[in-house]
Amino acid sequence: WEASAAPSVSSSWGGWERSFRHDDEKLRACGLWCKKVEADGACLFRAFSDQLEGDGGSEHLKYRTQCVTFLEAHRSEFAPFVEGPFKPYCTKLREPSAWGGHVEAQALSRALGVNALIHLPAEAQTAEDVPQHGIEVLNFDEDAPCVQLCFHPRYHCGPHYNSVRCVGDKGNGMPVATTLLELRERMVERSEEHTSELQSPI
């Protein structure tokens, strides 16, 4: 886990659109794509909301509340992984625009009974590298439901999470239910197909 301090808002994120295109192209080569959610500090909760409600993130406050409630109920487990005193941290986290990171993703995974795959395509050089760079939040069996998020270290307001859908999913309504096992297989298969296409002579 990583302590999820709020990122500093910076106006020096030149080229964030280019970085996003890189991330989205790498995911598409693996049979996935980024569904954008609003970049307002609630992006982690918006991404979970889109994954579980198919609503583009509009129920983010519900997921924020569930996350904080779970953190407070399991203080001894989570306190070592947050910055500063635990109670003020949770109080701050209840604010609608407070940043949530990987610690909160762990809490939501456990509270909601789902695994999570956090894609990190920014760290991948090729499509085949993408599966190796994901963070697997594995709290249940590998065939349990799995939500997908993408972490972008560079977005227009700083670090950001988006929801991730499978290619063929138009992004309206609920995503197709999937498991971590199915996602691993899909990504490897699609990335190998993509590489083969690039290497094939015209």
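Label 7 Å along Cα→Cβ of ASP141; segment 105-129 residues with amide nitrogen under 20 Å?
109-117
Using a 1.4 angstrom probe, figure out how much accessible area segment 75-156 has per residue, in square angstrom, rounded to the nearest whole.
Per residue, segment 75-156 has 45 Å² of solvent-accessible surface.
For segment 22-159, with all protein chains present and a 1.4 Å probe, just round the carbon and sulfur fraction of the accessible area to a whole percent.
C and S atoms contribute 49 percent here.
Can you tell me the dipole magnitude for segment 108-183 around its Cα centre, using point charges on the Cβ only (Lys, Arg +1; Asp, Glu -1), in Debye to the nearest 20?
Here the size comes out at about 420 debye.
If you filter segment 97-202 for trypsin sites (Lys or Arg not before Pro), then keep DSSP loop positions with at most 16 other Cβ within 10 Å, what is left?
Filter output for segment 97-202: LYS170.
Could you tell me the distance between the Cα centroids of segment 25-46 and segment 137-202, to the nearest Å?
The distance from the Cα centre of segment 25-46 to that of segment 137-202 comes to 10 Å.
The values are calculated or read from the model by the stated rules, or taken from the named source; none is laboratory data. Remember, it's a predicted structure, so these values are computed and weren't measured experimentally. All Cβ positions, even for glycine, are placed from backbone atoms using ideal geometry, and neighbour counts span all protein chains on display. The area values use the complete protein model at the heavy-atom level, side chains included, leaving out ligands, DNA and RNA. Shrake-Rupley method; radii C 1.70, N 1.55, O 1.52, S 1.80 Å.
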